[in-house]
Amino acid sequence: MEAWPLRNLVLRTPRLELRPDDDAGLHELIDVARAGVHDPEFMPFSVPWTDVPADRLGLENLRYYWSERAKLRPSDWHVHFLIRLDGRVIGEQGLMASDFAVTREVSTGSWLGRAFQGHGYGTEMRAAVLAFAFDHLGAVQARTSAYTDNAASLKVSRSLGYLDDGTLRDSRRGAPAVQQRLLLTAADFLRPAWKLTVEGAEACLPLLIA
């Protein structure tokens, strides 16, 4: 019996391959982060992890991803898919849920290295995990959020069918900021023209659905 079936899970789109994080891939991901994720003057994340000094960024990222992997349970999980383009890691797409067997709701979060932004990869990788959640896990809705000044993220969400679902106010770098909440139902999902290819999903279900 496979102890960690997530290592065999693969999602494929026309250009990208998505696999749950592994140690070799995380070292590649750290290099992408160090090369830059966003303009230093702008913070798109509610947790400002990119503000960590470069000499600590690698260790802090490894600790985070390792902890997320270790605490994964059907009642509370966060799968971090590493995004590969031509075999090279270019970013990360998260898919998460709490009490998924009851709620059938997932949430998403993601980032790409700056060198890979503006090519439609963000839309493609989000569509991939949404198709996986709706078609293979049985999700009925998905949530996400973005700061109201993060036009790129909001554009991706709306292009896939998400609708505005209120706002939330939090602190960003010590100043108040507003996030736009968005909600997508399975029926409203604006599917891409391509079909997602999935391998290894069935063996992962006991880890994600109690």
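The table below lists the values:
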item	result
Count of segment 195-210 residues which are in a helix (DSSP H, G or I) and either surrounded by 14 or more Cβ atoms within 10 Å (Cβ to Cβ) or of a type in the set (A, V, I, L, M, F, W, C) (or both)	6
Segment 134-149 - residue that is of a type outside the set (S, T, N, Q) and assigned to a strand (DSSP E or B) and, of those, surrounded by the fewest Cβ atoms within 10 Å (Cβ to Cβ)	R143
Condition met for S159 (out of contact with any Gly (no Cβ under 6 Å at 6 or more places or on another chain), over 20 Å from P20 (Cα atoms), of a type outside the set (D, E, K, R) and open to solvent by 50 Å² or more (accessible area, probe 1.4 Å))	yes
Matching residues in segment 74-90 - criterion: being in contact with a Leu (Cβ under 8 Å, 6 or more places away or on another chain) and either polar (S, T, N, Q) or over 19 Å from V198 (Cα atoms) (or both)	P74, W77, I90
Given (1) among the small types (G, A, S); (2) free of Cβ contacts under 8 Å to residues at least 60 places away in the same chain; (3) touching a Gly at 6+ places or on another chain (Cβ under 7 Å), index of the condition A54 fails	(3)
Top-ranked residue of segment 92-133 - restricted to ones that are among the hydrophobic types (A, V, I, L, M, F, W, C) and assigned to a strand (DSSP E or B), ranked as surrounded by the fewest Cβ atoms within 10 Å (Cβ to Cβ)	M96
Hits in segment 150-194 (condition: over 16 Å from the mean Cα position of the chain (by Cα), in a loop (DSSP other than H, G, I, E, B) and without any contact (Cβ under 8 Å) to a residue 60 or more places away in the chain)	G161, G174, F189, L190, A193
Positions within segment 171-194 being farther than 16 Å from S107 by Cα and surrounded by 12 or more Cβ atoms within 10 Å (Cβ to Cβ), in sequence order	R172, A177, V178, L190, R191, P192, W194
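The values are calculated or read from the model by the stated rules, or taken from the named source; none is laboratory data. All values derive from a computational prediction rather than experimental measurement. No Cβ is skipped: glycine too gets one built from the backbone with ideal geometry, and neighbour counts run over all protein chains shown. Please note that ligands, DNA and RNA were not included when accessible areas were found on the heavy atoms of the full protein model with its side chains. Shrake-Rupley method; radii C 1.70, N 1.55, O 1.52, S 1.80 Å.
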